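Working notes, beginning with the structure itself.
Every read-out reported here was derived from the displayed coordinates using simple, explicitly stated rules and does not represent laboratory data. Small disclaimer: the values here were computed from a predicted structure and weren't measured. Every residue, glycine as well, gets a Cβ built from its backbone with ideal geometry; the counts of neighbours run over all protein chains shown.
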Amino acid sequence: MPGIPVKLHPFYYLDHFEEMLSFLEKNCAALLGEGEQAFVRDFRALPPDARALVVRLANRSGSHARISNLRYNELREIPAVLALLSEAGFIRYPGGPDHTDLILTLTRSEIVNLLKPTKGLSSKPKAELLRMVFQGAEAIRLPDDMLADFVIQQRVETIGFLFFLFFGKHRKNLQPLALRDLGIMKTRTGQSSFEVRFKTREAATHGFFYARISAEIGSGEGAGLVHLAESVPDWPVCSEPAAEGVRDREICRLGARLEQAGLADDAMKAYLHATGHPARERICRILFSKNETGRAKELLEQIISNPSSDEELLFAEDFHARKFGTRKLSRLTHLLRSAPVIEIDEAFRDSAEDAVVEHFRKEGERAFRTENQLWISLFGLLFWDQLQGGNGETKHNEFEHRPTQLADGTFFTRNEAAINRQLALLHAGSVLPHLESVIEAHEGKPNGVFGWRRDTLPLIRELISHGPPGAIEAILRRMAVDPSMGDAGFPDLMVVAGGNLRFVEVKAEGDQIRRHQLVRMQVLEKEGFTVEVVRVRWFADPDQEYVVVDVETTGGRAAHHRVTEIGAVKVRGGRVIDRFSTLVNPGRRIPREITRITGISDAMVADAPEFSEISGAFREFVGKAVFVAHNARFDHGFLREEYHRIGENFRCPTLCTVVAMRRFYPGLPSYSLARLAGHFGIPLESHHRALCDAEATAELLRLINARRNGMD
C-alpha cells in the first residue's frame, strides 16, 4: 500500500535556511568570519516575512530579481518587505552603473523594444541584438519604469560561502533538505555531531574560490576562458596538500576547455602553473604539435626522471619511445594487437563482457564480472570500522556518505596501525568470517565507498580462496594509500580454473586500452596476479541457440499493463527444436479492443496460471539462448517488468527482427510482421496469437541468418 504523500508547509525553505545556519554555528563556528557573523545577526533581526524573502531571493538564479516576478502565496506586501530589506542592507535598488548588467538579463522581446524604431530586428538572434545595444553610437538605457522593477541582492557572496561550508560544493539552494523531508533522499540518521570540513578559514575560502572557478570553467566560452587563463597566476595557493590538488585539477580543466576551443597557446600558459598530472603531458603534446621537439623531449626526460604518478611515467616513456626512439606503436596499441582473439556471435554485441563470461564457462572455467566493484567492496568491508567510525565522525553533514579520509587522502596516515591489523587477517585465515560479520551487521547501509550487491560476498570468497594473500594485501594497501585507485581501471573479469585465478580485460571491436587500465594491470601483475587482455571478434555463429518469443498483453505499456500469453520456439542450426506456449492470467480485465485484436478473452485466462507460476519454466526454457522478437524492446520489456514484479531480474542478449530485417533486407514497403510474412510467403494463420507469431518470427530469423552467413 503506497504511503501518504508528504507535503511541505509554506515556509519550509525558511526552516531549512535557519537549520543550515544553526548547523554552521554549531559545527563550523571557527570558519565564520565577520561578514558571515554579521549576516547571521542581521538576518535573525528581521521579521519572519523579511527572512523568508531573503531566502526566496537567495534561491533564485543570479543576483538580480524582477519585483513583478516575486509572487509567493505565503508572502504579502512584498514591496514593503523589500524596502525593509534595502534599509537592512540585504538588497539595493539599481542605479546608472547597473544598466549593462540588467540589460543582459532581459528577454529578447524586451531588447527589441529597447532598439526600436530600428528596422529588421525580428530575424536577429539575441546575441546580435545585445551587440547592437552595446555598440551603438548612443548609449541605450533602461526606461525608468523597467529599472524600478529590479532589485539587486547585496550579500550574494556571503550566502554562497555559507552554502559552500554546508555542502562542500558550489550550490545555489537547499534542495537536498526538501528532498530529505519528502522522503526522496536518504540521509545519515542518528548522528548528532559532525567533523569540520576545513581545518582553517584559509582552507575554506580557498575551497570556495575554486568551487566558483569550477562553475565558471564549466559555463565559460572563448573570451571568458581566455580571461580565466590570464587570471591563473593570481589564483590562491593553500598550504594544505588537498587544496593544492584542487588548484591543479581546475587548471587542467581550464586547459582542456581552452584546447577544445582551439586555444592551445592559452592552454599551455595555464598548464605551466600546475604541478601534477596531466598538466605536463598536455604541455608535451602541445609542444610537439608546434614542432618544438627539443623542448618536448627535455620535458619528457624530466618526467621520466621524476614522475608525479605511475600514469604520468607510462605516458612519458611511451611517448618518448615513439617520437624519439624506434618504437612505432604505443604500448597500449601493441598490447591490444597482440591479445588473443575470441570469436562470439554478434547477437551479443550489447554486452561483450557477459559474452566472454559465457565463453569461459563453456570452456569449463568459472568467470565473473568484477571490474572495480570487487576491489572497492573488499576494501570497504575490510576497513569498515576505520572508514565509517563509531559515530560517523568522518562525515561533514547528514547528506554525505563518503568518508572524509578518502576524499582528502589521509586514510592511511590516520589509521596505519589499524590497517596493518586488518591486512594481517588475510594471512591468518580469518578474513572471511570477519567480512561475513561486517555484512551481517551493516548490510544495506549507505557508506559512500561501495554499493551493496547480492554477489559481493561470493566474489570476495573466490578472490580470497584462489588469489595470493600477499598480492591481495599489496593491492589493498595501495588503495589505502591512494584511495583514487579504486575509482576505475581494474579488469572486467575474474576467471578461476584449476585452482588458479586470473584477471581478464575484455576489448570488443573498436575498443581501446586506456592508460589508467594499463597502469592497473601492471600493478596487479607486479604484486603477483596473472592478468591478460582478450579481444572479441563478432561473427555469425551457425550453432548459436535462439529463443524466438512473442507475448500478448492487455495494453501497450509494460509498467501499466500485463502479459496474457507467451509463445516461444527454440531454434538451433535453423531448425525449431522446442516450443513453449501458455496463456497467463493478468489479474485484471482484458480491454474489449484488445480481445478484438488478439482473440484472448477474460474467460480464456480465468483458469490460466499467473506469471509467477510459469516464470521459472519460462526462464529455464530461455536458458542461455539469444532472445529474439519482432520489436524486441516490447516483448523483452514486458517480460522484464513481469519478473520485476515478482522480485526477479530478467536479462539476456536480444536480437530484434525488425532492426535486422531493415539491415539485411532494406527497401521493403513495410516491416510489420504481417506484411513481411506476406512478402516472404511465411504462414501466419493466427496473427496476434503468441505461438503463431513466434513461429513466423523464427522464419524471419532464418532469412536474417542466411544473409548474415552469406548463404542468400
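Of all DSSP-defined beta bridges confined to the range 349-538, some 60% are antiparallel rather than parallel.
Residues whose amide H comes within less than 5 Å of that of T553, counting only those at least five positions distant or on another chain, are T564 (H built at 1.01 Å from N in the peptide plane). The packing ranking, built from the mean of other Cβ atoms within 10 Å per residue, places the peptides 431-444, 42-55 in the order 42-55, 431-444, highest first. Note on the chain: antiparallel DSSP beta bridges, both residues inside, total approximately 65 percent of the bridges counted. For a modelled paramagnetic label at L332, 7 Å from Cα along Cα-to-Cβ, the residues of the range 263-289 in reach, with backbone nitrogen under 20 Å, are 276-289. Relative to the longest principal axis of the Cα atoms of the chain, the long axis of helix 310-324 makes an angle of roughly 80 degrees.
Convex hull volume of the C-alpha atoms in the range 37-141, normalised per residue: 136 Å³. Kindly list the residues of the range 440-462 that lie in the label zone of H401, defined by a backbone N under 19 Å from the point 7 Å along the Cα-to-C-beta vector. What the label zone holds, given the 19 Å backbone N cut-off, is 440-457. Counting 0.36 nm for each residue step from I140 to S612 and taking away their Cα separation leaves a gain of 162.7 nm.
Arranged from fewest to most other beta-carbon atoms within 10 Å of their beta carbon, V519, V6, V659, V356 become V6, V659, V519, V356. Around the amide H of H688, modelled in the peptide plane, lie the amide H atoms of D693, all under 5 Å away and 5 or more residues distant in sequence or on another chain.
The stretch between T293 and N709, if pulled fully straight at 0.36 nm per residue, gains 144.7 nm over its current Cα-Cα span. By other beta-carbon atoms within 10 Å, ranking M185, M146, M485 with the fewest at the front produces M185, M146, M485. Segment R619..T187, full-extension length gain: 151.7 nm, with 0.36 nm per residue of separation and the alpha-carbon distance subtracted. Count charges around K169 for me, please; just the other residues with Cβ under 14 Å from its Cβ, Lys/Arg as +1, Asp/Glu as -1. Computed value for this residue: +4. For K119, the aspartates and glutamates whose Cα falls under 16 Å of its own Cα, not counting residues fewer than eight places away in the same chain, are E110, E128.
Karplus-based coupling profile of the range 220-228, in residue order and whole Hz: x, 9, x, 4, x, 5, 4, 4, 4, with θ = phi - 60° in 6.51 cos²θ - 1.76 cosθ + 1.60 and x standing for Gly or Pro. Spacing of the modelled spin labels on R171 and E532, each 7 Å from Cα toward Cβ, amounts to 4.9 nm. Each residue of the range 331-348 is assigned a 3J(HN,Hα), and the resulting list reads 4, 5, 5, 4, 4, 5, 5, 8, 6, x, 10, 10, 8, 9, 4, 5, 4, 9 Hz, derived from the Karplus form 6.51 cos²θ - 1.76 cosθ + 1.60 (θ = phi - 60°), x at Gly and Pro.
Taking 28 Å as the limit for the C-alpha separation, the pairs K124/K172; K323/K507; K169/K445 exceed it in the case of K124/K172.
Ranked by the mean number of other Cβ atoms within 10 Å of their residues, highest first, the peptides 689-702, 550-563 fall in the order 689-702, 550-563.
Approximating the spin labels as points 7 Å out from Cα along Cα→Cβ, the R131-to-A83 distance works out to 4.5 nm.
Helix 34-45: angle to the longest alpha-carbon principal axis of the chain, degrees 0 to 90, nearest 10? Value to nearest ten degrees: 90.
Remark: C-alpha extents of the chain on the principal axes read 85, 69, 58 Å, sorted largest to smallest.
What is the range 201-321 by shape, rounded, prolate or oblate, if you read a ≥ b ≥ c off the alpha carbon gyration tensor as root eigenvalues and call it rounded for a/c under 1.5, prolate for a/b larger than b/c, and oblate otherwise? Judged from the Cα gyration tensor, the range 201-321 comes out oblate (a/c at least 1.5, b/c at or above a/b). Using the Cβ-Cβ distance between A418 and D482 with R0 = 22 Å, the FRET efficiency computed as 1/(1 + (r/R0)^6) comes to roughly 0.80. Computed from Cα positions, the angle between helix 78-87 and the longest principal axis of the chain comes to roughly 50 degrees. Residues whose amide H lies under 5 Å from that of V533, counting only those 5 or more places away or on a different chain, are E505; hydrogens are built 1.01 Å from N in the peptide plane. With a cut-off of 10 Å between beta carbons, the residues surrounding A58 carry a summed charge of +4, where Lys and Arg count +1 and Asp and Glu -1. Here the contact order of the chain, divided by its residue count and restricted to Cα pairs under 8 Å and six or more residues apart, works out to 9 percent. Each residue of the range 284-297 is assigned a 3J(HN,Hα), and the resulting list reads 4, 5, 5, 4, 5, 5, 9, 6, 8, 5, x, 5, 5, 5 Hz, derived from the Karplus form 6.51 cos²θ - 1.76 cosθ + 1.60 (θ = phi - 60°), x at Gly and Pro.
Sorted from longest to shortest, the spans of the Cα atoms of the range 437-518 along the three principal axes equal 44, 33, 25 Å. Descending by average beta-carbon neighbour count within 10 Å, the peptides 338-344, 200-206, 526-532 line up as 200-206, 526-532, 338-344, the highest first.
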